[in-house]
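**Q** I'd like to ask you about the structure that follows.
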Amino acid sequence: MEHPALRTRLAAEAARFQDAAAAADPDAAVPTCPAWTTTGLLDHVIDVYDHKIAAIRSGTAPGGDYRTPRPGTLLDQYAGALADLLAVFDDTTPDSPAHAWPGAEPTVGFWIRRLTHETLIHRVDAELAAARAPGPIDTALAEDGIDEMLTVILDRGLSAHREHVSPALASHAGLVVALDTGDRSWTVRVGDGTVDVADGARPDAQALVRAEAGAVLQWLWQRLPAQALPAEGDAGRAAALHAVMGAFGG
């Protein structure tokens, strides 16, 4: 997706996140992130926003004092962090330089995309904490999120967290699973220490997971269980890919 469209989706998803977080009990457990309550989820998203604001403003990796003190309730502080983030995006261009993950494009545009999808996934978490069924996800946004997960997030895991993800890759070396949303498809190949992603559902795939884009995105991010989506071929191989993806970004 183009950056202006992502910026628009970010504001919309942030509003939905805030609405769901306000409706949830502050002490309610987040079913998809059991270590967090609603309060912990809100604090995490504020922390992420402030960290990226600092990364853009300073052009370097933020130190330990990047959080901005803000008055009011945690929801008020979230609203302030969001306003500050959107102001930074509006005061720059997607091509403006910014500190980013090693190997990623060091631009503001990288963070517009990353934080749009971060907010989207945590919007789902907040809705579940509020005992709501997750709302629909725009198809184009979901397909962009799948692509980001299969490229940016996988690359990040292989480069920055190899020690953590290597056991899952070694356990499932030789896995080949395709994903299909109707409009787009991908094939994921797992090796011992590698993950390769190609466009299209390749004929040697051991399983094919086919569902609408929003469901596939949530499945990859562990917001749906392995068996939640139908799999053609070897369902066990599809479940194995779900487990591998969990090592990268549960």
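The values are calculated or read from the model by the stated rules, or taken from the named source; none is laboratory data. As the structure is a computational prediction, the values presented were derived from the model and not from experiment. All Cβ positions, glycine included, derive from the backbone under ideal geometry; neighbour counts span all protein chains shown. For accessibility, only protein heavy atoms count, side chains too; no ligands or nucleic acids. Shrake-Rupley method; radii C 1.70, N 1.55, O 1.52, S 1.80 Å.
**Q** Excluding ligands, DNA and RNA, what is the solvent-accessible area per residue of the chain at a probe of 1.4 Å, expressed in Å²?
**A** 43
**Q** Under the rule of at least 5 residues apart or a separate chain, name every residue whose amide H is placed under 5 Å from the amide H of residue 206.
**A** 176, 177, 178
**Q** Once phi is turned into θ = phi - 60°, what whole-Hz ³J(HN,Hα) does the Karplus curve with 6.51, -1.76 and 1.60 give for every residue of segment 133-140, x standing for Gly and Pro?
**A** Per-residue couplings from phi come out as 6, x, x, x, 10, 3, 4, 5 Hz.
**Q** Moving on. Report, by chain and number, residues whose modeled amide H sits under 5 Å from the one on residue 107, excluding near sequence neighbours (fewer than 5 apart, same chain).
**A** 98
**Q** How much of the accessible area of segment 48-159, probe 1.4 Å, is carbon plus sulfur, in whole percent?
**A** Numbers: 2500 of 4510 Å².
Carbon with sulfur: 56 percent of the solvent-accessible area.
**Q** Using 14 Å as the cut-off for backbone N distance, which residues of segment 100-137 belong to the label zone defined by a point 7 Å from the Cα of residue 183 along Cα→Cβ?
**A** 137
**Q** Sticking with this structure for a sec: Can you give me the % of accessible surface on segment 160-243 that is carbon or sulfur? Probe 1.4 Å, all protein chains present, nothing else counted.
**A** Working: 1910 of 3810 Å².
Carbon plus sulfur share of accessible area: 50 percent.
**Q** Let me ask another. Dipole of segment 128-198, Cα-centred, from +1 at each Lys and Arg C-beta and -1 at each Asp and Glu C-beta, to the nearest 20 debye?
**A** Details: 5 positive and 11 negative charges, 54 e Å.
Result for segment 128-198 is approximately 260 debye, rounded to the nearest 20.
**Q** Take residue 44 and residue 91, extend 7 Å from each Cα along the Cα→Cβ direction, and tell me the distance between the two endpoints in nm.
**A** So the label points at residue 44 and residue 91 sit 2.9 nm apart.
**Q** What ranking, highest mean first, results for peptides 64-72, 2-10 when packing means the other Cβ atoms within 10 Å averaged over each residue? It would help to have the intermediate numbers written out before the result.
**A** Details: 64-72: 11.0, 2-10: 17.0.
Going from most to least packed, we get 2-10, 64-72.
**Q** Moving on. If you place +1 on the Cβ of every Lys and Arg, -1 on the Cβ of every Asp and Glu, and leave all else neutral, what size is the dipole of segment 39-162 about its Cα centre, to the nearest 20 Debye?
**A** Taking the Cα centre of segment 39-162 as origin, the dipole is about 300 debye.
**Q** Let me ask you something else. What residues qualify as long-range amide H neighbours of residue 36, i.e. H under 5 Å apart, gap of 5 or more or another chain, H built at 1.01 Å from N?
**A** Under 5 Å from the amide H of residue 36: 30.
**Q** I need the phi-derived Karplus couplings for segment 191-208: 6.51 cos²θ - 1.76 cosθ + 1.60, θ = phi - 60°, integer Hz, Gly and Pro marked x.
**A** Per-residue couplings from phi come out as x, 6, x, 9, 9, 10, 10, 10, 5, x, 8, 6, x, 8, 4, 7, 8, 10 Hz.
**Q** Quick one: putting +1 on the C-beta of Lys and Arg, -1 on the C-beta of Asp and Glu, what dipole do you get for the chain around its Cα centre, in Debye to the nearest 20?
**A** Using Cβ point charges on Lys, Arg, Asp and Glu, the chain gives about 240 debye.
**Q** Something else: To the nearest 10 degrees, how steeply does helix 38-58 sit against the main Cα axis of the chain, on a 0 to 90 scale?
**A** Tilt of helix 38-58: around 80 degrees.
**Q** Please report how far the C-alpha centroid of segment 11-46 lies from that of segment 193-227, rounded to the nearest whole angstrom.
**A** Going from one Cα centre to the other spans 26 Å.
**Q** In sequence order, what are the phi-derived ³J(HN,Hα) couplings for segment 229-245 according to the Karplus relation 6.51 cos²θ - 1.76 cosθ + 1.60 with θ = phi - 60°, rounded to whole Hz, with x for glycine and proline?
**A** Once θ is set to phi - 60°, the couplings for segment 229-245 become 10, x, 10, 8, x, 8, 5, x, 6, 5, 4, 5, 5, 4, 5, 4, 5 Hz.
**Q** Name the shape class, rounded, prolate or oblate, that the alpha-carbon gyration tensor gives for segment 30-85, where a ≥ b ≥ c are the square roots of its eigenvalues, rounded holds for a/c under 1.5, and otherwise prolate holds if a/b is larger than b/c and oblate otherwise.
**A** Numbers: a/c = 2.49, a/b = 1.51, b/c = 1.64.
The shape class here is oblate.
**Q** Turning to a different aspect of this structure: For the pair residue 243 and residue 159, how long in nm is the line joining their label points, each one 7 Å along Cα→Cβ?
**A** 2.9
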